[in-house]
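Input: a single structure, listed below in structure tokens.
The values are calculated or read from the model by the stated rules, or taken from the named source; none is laboratory data. Note that the coordinates shown come from a computational prediction; the quantities given were computed from them, not determined experimentally. Cβ atoms come from the backbone with ideal geometry, glycine included; neighbour counts cover every protein chain shown.
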């Protein structure tokens, strides 16, 4: 099953795909491997989102400082 093209980030689509595959696993080893992969992809996604958010906050603060002559 391929993830639908509704995800804002390809990593979320990959996690979606892994979760669907995990749901059909019949043995523990592939399930655990896919769970580790999904967790790592979510961590990577969170790190990217936090980085972008931090950059945006920094730009907004800089713009605000310029507007107030600081």
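Restricting to segment 4-41, give me the number of residues that are exposed (fewer than 10 other Cβ atoms within 10 Å of the Cβ), over 18 Å from the mean Cα position of the chain (by Cα) and outside any helix (DSSP H, G or I).
3
Please indicate, with yes or no, whether at least one residue in segment 42-57 is assigned to a helix (DSSP H, G or I) and modelled with pLDDT under 75. Walk me through it before giving the result.
Let us first name the residues in segment 42-57 that are assigned to a helix (DSSP H, G or I), namely 42-57.
Filter once more, so that each one left must be modelled with pLDDT under 75: none.
Among the residues of segment 42-57, not one is assigned to a helix (DSSP H, G or I) and modelled with pLDDT under 75, which makes the answer no.
Restricting attention to segment 58-70, which residues are part of a helix (DSSP H, G or I) and surrounded by fewer than 10 Cβ atoms within 10 Å (Cβ to Cβ)?
So in segment 58-70, the residues part of a helix (DSSP H, G or I) come out as 58-67.
Once the filter is applied, which keeps residues that are part of a helix (DSSP H, G or I) and surrounded by fewer than 10 Cβ atoms within 10 Å (Cβ to Cβ), segment 58-70 yields 66, 67.
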